Amino acid sequence: MSAASALMARINRTLVLTLLIAASSIFLLFQIYNYRLYSTKNGLDVFNSKRYLSGKEAHLHLLKKFLGLVHKFKLPVFLVDTASLTLLSQDAVLYRDSRLSEPHCSFFCTHRDFTTFALYGNLWKYDAALLEASAERGLELMEIRGKDPRLISTDDLTAKEIPLHFLFRFNGRLVHVAVLYERSGKYLWHGPLRLGDGMDRTFTAFGKLDFGRHAGAYDRPELILTTLDGLDVRIPRNFSGFVREFSGSRFLECRSREAKAFYQLYPEDTSAEAVDFKMRAKSLLHLASKVLSVLGVPFWLSSGTCLGWYRQCNIIPYSKDVDLGIWIKDYRDDITQAFQKAGLPLKHKFGKVEDSLELSFQGNDVKLDIFFFYDEGDVVWNGGTQAKSGKKFKYVFPRFSLCWAELMELKVQVPCETRDYVMANYGPNWNVPVKTWDWKSSPSNVQENGVWPVREWDDVIQVY
Ligand SMILES: *[C@@H]1O[C@H](CO)[C@@H](O)[C@H](O)[C@H]1NC(C)=O
């Protein structure tokens, strides 16, 4: 062997050795990477003392912790999250996804970083140990309380505080629990989420939460148990109906403080006639609400009945009738028949569907007036007709949306912009009782609107 070839052999050996070392190092690094990937997935992260979770993982983790807590404290919760319920389909609920060995986060992981549940406050005994148990699970808990509106009346404005909202936070993600209470109209109510002095305003971005921006009212939903993303939860059976109900759920509390002040100026009429009238008006209101809800026709308190709710949380005893408003788009031919079947004969019908329709039914010594409202650009209006002259009138209101409220133990709608509505109708002195009222001239918003042509009278002026 020459000296040159011996040198070549040594270089070759070194090269092979280097390549081998490089290859095995790469293989080792690959193994480490794989193990790390595997261990993170399975929660055995040995490389990071501070665990990093992806958004989805953190969210499911929070939900598992929360549902564990709910189970331990027997909290009657159900899912009301509008984003999650919107993602649901009938199939997902029926076939569940519990068969999947590794659940995806398809329903709870939405575009938002929170999930909302409702809790039946009436079925649950408040337990202060909740705070401690949350901390044990690594959940930060914030509780928002407020006055119990069921204890407030025009006689007594004091009330104890009750829990209204709970927020469970984990890794920057949130479970929001809105507490629902049953009110005297047999509906469910949750309070607004308002932070008191000294509360942590940075706990979460409160503006993004949808339950609690306002108080809300709901009919009691039927619940079913299902499995979503591998987690057992209760949801409203009609989840799409619930989401729709949520969008119009805003609730206005009656202004007890102002009503009390009103009654101090103008003491309540407690005569037998006044008490009797209020009782009849109450049962007429309940009956009308039932008839219209069976037909699926939404309505709101109008004129004097709306004024009574807004001004004095009550029915005005000298008002002599119950006034309701209905959008003309919701008119149905079978409304009259439905009221007659319920024992309320038609008293008069003025106008026609295309113009100034008004129906009046005779209750037990109390009249039910239904005014149909028409859309006209920036304003809405309802019509009036004078039977003897055929004169038409128009009552114009600023546009409004509808909110829920309670009157006489009934959940009813009122214009959300109640003050504007009442002011339009009764003027700036709406807060002063007026016993002599002429519907053709007293309202602030009345306009003359011509006369019905005589040939139409048989149709547009029907008096029974
Ligand atoms: C769900 O509720 C809506 C009203 O919000 C209703 O129209 C629909 O019929 C309901 N569906 C079922 C299956 O009850």
Report summary line: Non-local residues with an amide H under 5 Å from the amide H of F251, with H modelled 1.01 Å from N and Pro and chain starts lacking one, are A215, G216, A217, W404
Report task. Could you please report the charge total around K160, scoring K, R as +1 and D, E as -1 over all other residues with beta-carbon less than 13 angstrom from its beta-carbon? Result -> 0
Query raised in the report: In debye, nearest 20: dipole of segment 231-332 around its Cα centre with unit charges on the Cβ of K, R (+) and D, E (-)?
Result: 320 debye
Report summary line: Measuring from the longest principal axis of the C-alpha atoms of the chain, the long axis of helix 272-295 (C-alpha) lies at a number of degrees, nearest 10, equal to 50 degrees
Requested in this report: Report, in degrees rounded to the nearest 10, the 0 to 90 angle that the Cα long axis of helix 3-41 makes with the longest principal axis of the chain.
Outcome: 30 degrees
Report task. For every helix of n ≥ 4 consecutive DSSP H residues, a contribution of -39,500 (n - 2.57) applies; sum these over the chain, divide by its total residues, and give [θ] at 222 nm rounded to the nearest 500 deg cm²/dmol. Result -> -10000 deg cm²/dmol
Query raised in the report: When only C-alpha pairs under 8 Å and at least 6 residues apart count, what is the relative contact order of segment 126-225, in percent?
Result: 20 percent
Query raised in the report: Once the Cα atoms of helix 55-72 and of the chain are each reduced to a long axis, what angle between those two axes, in degrees from 0 to 90 to the nearest 10, is obtained?
Result: 70 degrees
Requested in this report: First select every other residue whose beta carbon is under 11 angstrom from the beta carbon of K147; then total the charges, Lys and Arg +1, Asp and Glu -1.
Outcome: +1
Query raised in the report: In debye to the nearest 20, how big a dipole does segment 55-247 give about its Cα centre with +1 on each Lys and Arg Cβ and -1 on each Asp and Glu Cβ?
Result: 120 debye
Report summary line: Long-range amide H partners of C105, meaning residues 5 or more apart or on another chain whose placed amide H is closer than 5 Å, are none
Query raised in the report: What does the charge add up to near L119, with Lys and Arg as +1, Asp and Glu as -1, over the other residues with Cβ less than 13 Å from its Cβ?
Result: 0
Query raised in the report: Isolated Cys in the chain by the 4.7 Å beta carbon test?
Result: C306
Requested in this report: Please list, or write none, the lysines whose alpha carbon is within less than 17 Å of the alpha carbon of K56, excluding same-chain residues fewer than 8 places away.
Outcome: K41, K64, K65
Query raised in the report: Put a dot 7 Å past each Cα toward the Cβ at D333 and K125; how far apart are the dots in nm?
Result: 5.9 nm
Query - Beta bridges per DSSP with both ends in the chain, % antiparallel, nearest 5 - result: 80 percent
Query - Size of charge dipole - the chain - debye, nearest 20, with Cβ of Lys, Arg +1 and Asp, Glu -1, no other charges - result: 1460 debye
Report task. Under 19 Å from a label point 7 Å along Cα→Cβ of R194: give me every residue in segment 134-152 with its amide N that close. Result -> 143-152
**Report entry** Flagged links, alpha-carbon separation over 19 Å, of K260/K320; K392/K440; K72/K125; K349/K394; K347/K367; K278/K320
**Finding:** K260/K320
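Just so you know, all these numbers are worked out from the coordinates, no wet-lab data involved. These numbers were taken from a predicted model, which means no experiment stands behind them. All Cβ positions, glycine included, derive from the backbone under ideal geometry; neighbour counts span all protein chains shown.
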